[in-house]
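Reviewing the structure listed below.
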Amino acid sequence: MATMISEDCISCGACEGECPNDAISLGEGIFVIDPDLCSECVGLYDTQKCAEVCPVECCIPDPERRESEEVLFERARRIHAERDTVLELGAATSHFRAA
Ligand code: SF4
């Protein structure tokens, strides 16, 4: 599922620069994640970078958007198609496979 930012967001902005997909922006008072750009960091990291840095733990799984590793990886491939990003599926690059 894509990650979402809950109403607990304190608008600190810590997450925005961490997203490898540029999926995070400032919305009306709180930061928001574009679900069409969120790949749960699959292909790049074994954790969701926004959730990792959030001081109030408000970057959470969106129950309305449950998605498979395959779907998320394909999204990451599309987003990074014109960048020199190396995308891989493995324990270090997918939270689905992390120990
Ligand atoms: Fe960006 Fe990863 Fe957070 Fe999704 S989970 S918004 S790709 S940092």
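Points worth noting:
- Summed residue charge, Cβ within 9 Å of H95's Cβ, Lys/Arg positive, Asp/Glu negative: -2
- In sequence order, calculated HN-Hα J values of the range 38-48 (Karplus, 6.51, -1.76, 1.60; Hz; x Gly/Pro): 8, 10, 6, 6, 4, x, 10, 9, 8, 9, 7
- Prolate/oblate/rounded call for the range 13-99, Cα gyration tensor, a/c under 1.5 rounded: prolate
- In order along the range 9-23, phi translates into HN-Hα couplings of 3, 9, 6, 6, x, 4, 6, 3, x, 8, 6, x, 9, 6, 8 Hz, rounded to whole numbers, per the Karplus curve 6.51 cos²θ - 1.76 cosθ + 1.60 with θ = phi - 60° and x for Gly and Pro.
- Scanning the chain for trypsin sites (Lys or Arg not before Pro) in DSSP loops with at most 11 neighbouring Cβ atoms within 10 Å leaves 1-65 as the longest stretch between them.
- Rounded to the nearest 20, the Cβ-based charge dipole of the range 1-98 about its Cα centre (Lys and Arg +1, Asp and Glu -1) stands at 240 debye.
- The range 80-99 and the range 1-57: distance between their alpha carbon centers, rounded to Å: 17
- Heavy-atom surface of the chain, accessible at 1.4 Å and reported per residue (Å²): 59
- Accessible-area composition of the chain, carbon plus sulfur, in percent [1.4 Å probe]: 47
- Using the Karplus relation 6.51 cos²θ - 1.76 cosθ + 1.60 with θ = phi - 60°, the per-residue 3J(HN,Hα) values for the range 28-33 come to 8, x, 10, 6, 10, 10 Hz, with x marking Gly and Pro.
- Segment C12-T85, extension gain: residue separation times 0.36 nm, minus the distance between their alpha carbons: 23.5 nm
- Extreme residue, positive dipole direction of the range 1-50, given options C41, S6, G29 (C-beta unit charges): C41
- Proximity of backbone amide H atoms, modeled 1.01 Å from N, is registered between F31 and S11 at under 5 Å, excluding neighbours fewer than 5 places apart on the same chain.
- Only Cα pairs under 8 Å and 6+ residues apart enter the sum, and on that basis the relative contact order of the chain stands at 35 percent.
The values are calculated or read from the model by the stated rules, or taken from the named source; none is laboratory data. The structure displayed is predicted, hence computed values, not measured ones. Positions of Cβ are generated from backbone atoms using ideal geometry, with glycine treated the same way; all protein chains shown enter the neighbour counts. Protein only, heavy atoms only, side chains kept; ligands, DNA and RNA dropped before computing areas. Shrake-Rupley method; radii C 1.70, N 1.55, O 1.52, S 1.80 Å.
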